[in-house]
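Report on the following structure.
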Amino acid sequence: MREDKKPDYEYWKKFDSWELEEAIYLIHGIEPSRKPSSQHEVVMARLNNRPQKHHDIQKTRHLASKSIKAGMLSLIEPTKSELKPSDFVKWAVSKNLEVPEELKDLMYITALDTNIIDAPYLNRKHEYFSEELYAAISAWVEIYNGGKFKIKHSHKVQIMKWLSENYTHFSKEAIKRVATVVNCNKRGGAPSLE
């Protein structure tokens, strides 16, 4: 762990899971130790001369543990402290914690097939990148391919709900536009059960 230099976010974003401690250190701009067994002691020893940072980490740890107990932050397995990076970043943003810009893109695409992650239209650095297109693809994948679609409910309502939870900075008009594109049920209403 080195708090004097920025974490290698690109490296950490490749992981399918993070230990809770790794996630907390990363959002606080600290490179986690590659030896998780000694992680806490190593980080705390190096933060002795930075009491405010130490205090902020303690507050985040406490908040996260309460959210886990309340079911608002999910662990991959209840007996382990591992979680999905995207879930942690979404949770941190929902709690108005300061999240490094380098990690914010983890909030958006979670279930996209790795074969299309390299598609140019999903590259946030592309000069013609469209966040609404990105949101539409993310919503479609999460809802229809990620097992979140509820057959008895309206397509558009589910899409708009997902978008408003995951793209909190979108205006109501943007959410409606994206939902219209994603919605495969152009007749409207909940699907017929007959």
Here is a check on your reading of the model: is residue 164 of a type in the set (S, T, N, Q), assigned to a helix (DSSP H, G or I) and in contact (Cβ under 8 Å) with a residue 24 or more places away in the chain? no
Considering the range 24-75, residues that are modelled with pLDDT under 85 and aliphatic (A, V, I, L, M), and then whichever is farthest from the chain's Cα centre (by Cα), we arrive at 45
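Examine the range 131-146 for a residue that is modelled with pLDDT under 80, outside the structural domain of residue 16 (by TED's automatic domain parsing) and either assigned to a loop (DSSP other than H, G, I, E, B) or in contact with a Cys (Cβ under 6 Å, 6 or more places away or on another chain) (or both), and state whether such a residue exists.
Taking every residue of the range 131-146 in turn, at least one turns out to be modelled with pLDDT under 80, outside the structural domain of residue 16 (by TED's automatic domain parsing) and either assigned to a loop (DSSP other than H, G, I, E, B) or in contact with a Cys (Cβ under 6 Å, 6 or more places away or on another chain) (or both).
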Within the range 131-190, which residues are closer than 22 Å to residue 119 by Cβ and surrounded by fewer than 13 Cβ atoms within 10 Å (Cβ to Cβ)? 145, 184
Pick from 73, 106: which is part of a loop (DSSP other than H, G, I, E, B), hydrophobic (A, V, I, L, M, F, W, C) and touching a Ser or Thr at 6+ places or on another chain (Cβ under 6 Å)? 73
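The values are calculated or read from the model by the stated rules, or taken from the named source; none is laboratory data. Keep in mind that this is a model prediction, so the values were computed, not measured. Note that we place each Cβ from the backbone using ideal geometry, even for glycine, and neighbour counts take in every protein chain shown.
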